[in-house]
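Here is the structure we will look at.
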Amino acid sequence: MSTAVMNSPAKNVVKLGDKAAGRGVMDQVLVDLGTENEDVWTVCADMSTYLGSFRKAFPDRYIDVGIAEQTSVGIAAGLALEGAIPFVAGMAPFISMRSLEQVRSDVCYQDLPVKFVAWYGGLTTGGGSTHNAMEDIALMKQLVNMDVVSVGDPNMVGALMRASMDHPHPLYIRFGVGKGDPCLYDPETISVEIGKGILAREGSDATILAHGDLVFEALRAAEALAETGVNARVVDMYSIKPLDKELLLRCVEETGHIVVVEDHLTFGGLASSIADALMDERVMPRSFRRLGVPQIYSGFGSPQVNWAQYGYDRGGIVAAVIEMLG
Amino acid sequence: MADREQVRHLEGMAVEMRRNLLRLALSFDGPVHLGGDMSMTELLIALYHYGMNVDPADIRAAERDRFILSKGHGAVGMYIAMALRGFYEFDDILATYGQFGSAYGMHPCRTQLPALESSTGSLGHGLPIAVGLAFAARQRKQTHRVFTLIGDGESCEGSIWEAANTAGSYGLGNLVGVVDFNKQLMTNLNGNTMNLEPFADKWRAFRWNTIEVDGHDMAAICDVLDNLPPADGNRPTMIVAHTIKGKGVSFMERSIAWHANNLNQEFFDIAMAEIDAAAAKLEGAVA
């Protein structure tokens, strides 16, 4: 599996507690990767604002096709067939849905190492349900040869892009708004590896498994639970496919109770992968709860308002853990 | 420039390709896309045996011209044209076509069949992939061309025009499209429902250097391939080839039934007799 230390050469490392922009990290790391490797390309469908540094540095390896996601993915497949390493950068709903068939039949069928860097995962756009990506993980993880990671810490966007360079298969890197994201980890102490989770907070009473923006909510929920005497573990399960089964089974064994929280439909995402894995291993947790988007097309409003509405913000997580511990 | 002898040789190849198409369709217990295979026969022969720089002995040569069959359901036609060029053995195709484990199936699969540039099958996908190949070649200052054969039916797909717009906007002079304009879709004649006309003008409007040709006139096709603008130019080229679906077999021509169909012995005999008669006429004209 590919690993990368968080702060390796990315220039704009920020520290724990700071806020940063995942999209800014993306653009900077693209420049770094493009400098190191002349086969790195960036393809987008009218996302030039977010790719200004790469576009300026490598105009001949930058393709903006206008608002035409399908052809952007087909072109990326063509580049990869010639040995290039294309990053397709764009909004999660359109990469995962508008160009789904190109992702499947042009990229995954041929097992091409195209990297998809997708923001606005979950209910984070404020644009309503046309722009929300609450199905993207279900769609992407279902594709043969595709691996899927979902990132909360903005530095990890870059770290996973770096790790993807040694990953010879398609990879979907999902994050949220990509602007003003809280840094969760000290970049000098955390390394990422596709296929591994991060034990973000130790605890023994229950485990909250989360990915993306909701790792931050889970950590805040664990803090609130600690004040009531509940010692909750938090795992950043950023690698959804492949899944870190070893870590999962350890959490079930050591804490018994499992809560999965994600900015995604409650069926088809991480919670479903975990439920599948536990059934396959014949492991039954003492209790199991899934928090996320129910079968509904949500309204407008900020991510936080949406998460709270459907009970998977920090308050919802606290309530679920207390309820399951009885 | 193709002289008369070369053209006659290529025409003979086209006859042999049609015969092999019929042989395969007879042997295979299932439908074969004969209509579209027959309409692009001269085009594939002209590309693989005349226009494209390809070498069956060195299938990954860096300077080779690339070819992508965007109308992937024409795979049988491509396999046979490539076999005649020396890439594959027709007997292997005949013996295994469509079977589990065979590299030769209804739609081209690059990971199973060497010498293909890309898997295709779902319509509207090949042209965008070819655009990607053309971008890579231009950035690397390679001098080869990227050819892609598309169908008129798949030109109803939005992704074709997305790619057309991209290639035109970026001026990919190393990209050459050929459209098998046989005026039919799978279940209907072009024009009964959808109307692509003015088809050539659509490509022109997308900034493509657009050339119309009779897609069954080998000399004319060779002439177009001889006179392609330089690959380092700033316009992609689209060869709009007017063709007849099912060309060469009277009961298949312009017939919806023969988009894809099973061929039994009775129909095979009739069809083969027509191809043989046309071949004899060709030879007679030569003599």
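The values are calculated or read from the model by the stated rules, or taken from the named source; none is laboratory data. Owing to the predicted nature of the structure, the values given are computational and were not obtained by experimental measurement. Note that each Cβ is placed from the backbone with ideal geometry, even for glycine, and that neighbours are counted across all protein chains shown. With ligands, DNA and RNA removed, areas are computed over all heavy atoms of the protein, side chains included. Shrake-Rupley method; radii C 1.70, N 1.55, O 1.52, S 1.80 Å.
Counting every pair of alpha carbons in segment B:25-64, the share spaced more than 13 Å apart comes to 66 percent.
In the full protein context, the protein assembly as shown carries 38 Å² of accessible surface per residue, based on a 1.4 Å probe and ignoring ligands, DNA and RNA. Across peptide A:99-105, the mean count of Cβ atoms from other chains lying within 10 Å of each residue's own Cβ comes to 3. Counted residue by residue at 0.36 nm each, then reduced by the alpha carbon distance between them, the extension gain from B:Arg235 to B:Ala219 reaches 3.3 nm. So for the protein assembly as shown, Kirkwood radius off the Cα pairs, Stokes-Einstein at 20 °C and 1.002 mPa s: how many µm² s⁻¹? Estimated via Stokes-Einstein, D reaches 82 µm²/s. The mean number of Cβ atoms from other chains found within 10 Å of a Cβ in peptide B:120-129 is 6, as a whole number. Calculated [222 nm] ellipticity per residue, helices only, for chain B: -13000 deg cm²/dmol; basis is -39500 (n - 2.57) per DSSP H run with n ≥ 4, divided by all residues, nearest 500.
Size descriptor for chain B, Kirkwood hydrodynamic radius: 18.9 Å (Cα pairs only, one decimal).
Placing unit charges on the Cβ atoms only, positive for Lys and Arg and negative for Asp and Glu, gives chain B a dipole magnitude near 860 debye about its Cα centre. Basic side chains Lys and Arg get +1 at the Cβ, acidic Asp and Glu get -1 at the Cβ, and with that the dipole of chain A about its Cα centre reaches some 400 debye. Residues B:His9, B:His33, B:His125 ordered from highest to lowest accessible area at a 1.4 Å probe: B:His9, B:His33, B:His125. A Förster radius of 45 Å combined with the Cβ-Cβ distance from B:Glu212 to A:Phe300 puts the calculated FRET efficiency at roughly 0.30.
List the residues of segment A:174-214 whose backbone N lies under 17 Å from a point placed 7 Å from the Cα of A:Ala319 along the Cα-to-Cβ direction. Of the residues in segment A:174-214, none has backbone N under 17 Å from the label point off A:Ala319. Taking 27 Å as the limit for the C-alpha separation, the pairs A:Lys115/A:Lys179; A:Lys241/B:Lys141; A:Lys141/A:Lys179; A:Lys141/B:Lys141; A:Lys115/B:Lys141 exceed it in the case of A:Lys241/B:Lys141; A:Lys141/B:Lys141. Please figure out what share of the DSSP beta bridges in chain B is antiparallel and state it in percent, rounded to the nearest 5. Approximately 10 percent, going by the DSSP bridge assignments. Of all DSSP bridge pairs formed entirely within the protein assembly as shown, close to 20 percent run antiparallel.
Per residue of peptide A:34-43, the mean number of Cβ atoms on other chains within 10 Å of the residue Cβ is 1.
Computed as a quarter of the hull surface, the mean projected area of the alpha carbon convex hull for chain A stands at 14.9 nm². For the chain pair B and A, buried accessible area totals roughly 2100 Å², probe 1.4 Å, rounded to the nearest 100. Each listed q (0.11, 0.26 Å⁻¹) maps to a log10 I(q)/I(0) for segment A:259-326 from the Debye sum over equal C-alpha point scatterers, namely -0.29, -1.15.
Here's how it looks for B:Val178: its modeled amide H is under 5 Å from those of B:Thr148, B:Leu149, B:Ile150, B:Ile239, which are all 5 or more places away or on a different chain. Note on chain A: with neighbouring protein chains present and a 1.4 Å probe, carbon and sulfur make up 51 percent of its accessible heavy-atom surface.
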